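Structure first, then comments.
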Amino acid sequence: MKLFSSATSVFVRKVRIVIRERGLAGRVEEVARVPVEAAPDLVAVNPLSQLPALIDDDGICWTDSGLISAWLAPQGEGASLLPDYGTEAYWRVRRVETAGAGLNEMMARIVYENRRPESERSPFWLERWEGNLTRAFVVADAMCPEPDVFDMGSLTLGVAATFCDFRLPQLDWRALAPRIAALQAELEKRQSFIETYPR
């Protein structure tokens, strides 16, 4: 398999962690790409030129970190990252995962807007997205599992928390989300998290 990757993308990091947790690292070649460069091999897999993108062993293309992670989750070895489909536990994990994914989306919007020349940035949207992010951290914290829980939901919250530290260090998210802070502290001790820490 081939994963189009980036060392700093929060979306890619989620997939890279799943790969390591499932013991699939030896089966996946990671190829670094910069989405804005629209490299032909990336565009051939994902015409949106977004990361992550995966080509499986049958040549099928997979895009979107949530979809790729869910497809990889039952493969390989180790504890399941997703409970059995349709169970109450399954939907609980997916709700937490979706809360973490929402944090990631808001942060990505803020980061990209701040990369524009200052004269082209929208104060309206930055204020709105930062408000959304603040509220979302509070809501996600209320559904955050205990620090010893490791599944697709906790994984997604953990990578979101570290991405906020990495890209938006001015936001005091720990004051809003102490449960997520405790979870992040435990997750970042895992080898899969250490190996994929954004650099």
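The values are calculated or read from the model by the stated rules, or taken from the named source; none is laboratory data. As the structure is a prediction and not an experimental result, all values here were calculated from the model. Note that each Cβ is placed from the backbone with ideal geometry, even for glycine, and that neighbours are counted across all protein chains shown.
Considering only the range 30-49, I want to know if a residue exists there that is in contact with a helix residue (DSSP H, G or I) (Cβ under 6 Å, 6 or more places away or on another chain) and under 18 Å from residue 101 (Cα atoms). Lay out the reasoning, then the answer.
Taking the range 30-49 and keeping what is in contact with a helix residue (DSSP H, G or I) (Cβ under 6 Å, 6 or more places away or on another chain), we get 33, 49.
Still in the running and under 18 Å from residue 101 (Cα atoms): none.
There is no residue in the range 30-49 that is in contact with a helix residue (DSSP H, G or I) (Cβ under 6 Å, 6 or more places away or on another chain) and under 18 Å from residue 101 (Cα atoms).
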When you go through (1) farther than 21 Å from residue 13 by Cβ; (2) within 16 Å of the chain's Cα centre (by Cα) one by one for residue 91, which number turns out not to apply?
-> (2)
Scan of the range 111-133 for residues that are over 18 Å from residue 165 (Cα atoms) and either among the aromatic types (Phe, Trp, Tyr) or exposed (fewer than 10 other Cβ atoms within 10 Å of the Cβ) (or both), ordered by number = 117, 118, 119, 120, 123, 124, 125
All but one of (1) under 22 Å from residue 143 (Cα atoms); (2) in contact (Cβ under 8 Å) with a residue 12 or more places away in the chain hold for residue 52; which doesn't?
-> (1)
Which ones in the range 113-167 are under 16 Å from the mean Cα position of the chain (by Cα) and of a type in the set (Ser, Thr, Tyr)?
-> 154, 156, 162
Is it the case that residue 26 is without any contact (Cβ under 8 Å) to a residue 40 or more places away in the chain and either over 26 Å from residue 165 (Cβ atoms) or acidic (Asp, Glu) (or both)?
-> yes
Could you grab me the full set of residues in the range 138-180 that are surrounded by 20 or more Cβ atoms within 10 Å (Cβ to Cβ), free of Cβ contacts under 8 Å to residues at least 60 places away in the same chain, out of contact with any Ser or Thr (no Cβ under 9 Å at 6 or more places or on another chain) and within 20 Å of residue 90 (Cβ to Cβ)?
-> 140, 154, 158
Between a first residue in the range 86-107 that is part of a helix (DSSP H, G or I) and a second residue that is surrounded by 12 or more Cβ atoms within 10 Å (Cβ to Cβ) and basic (Lys, Arg), which pairs have beta carbons less than 9 Å apart while being 6 or more apart in sequence or on different chains?
-> 100/14; 101/14; 104/14; 107/167
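Wholly within the range 1-80, which helices (runs of 4 or more DSSP H) include no fewer than the required count, namely at least 2 residues that are surrounded by fewer than 15 Cβ atoms within 10 Å (Cβ to Cβ) and not assigned by TED's automatic domain parsing to the domain that holds residue 152?
Values: elements: 10-21, 40-45, 65-72.
Result: 40-45.
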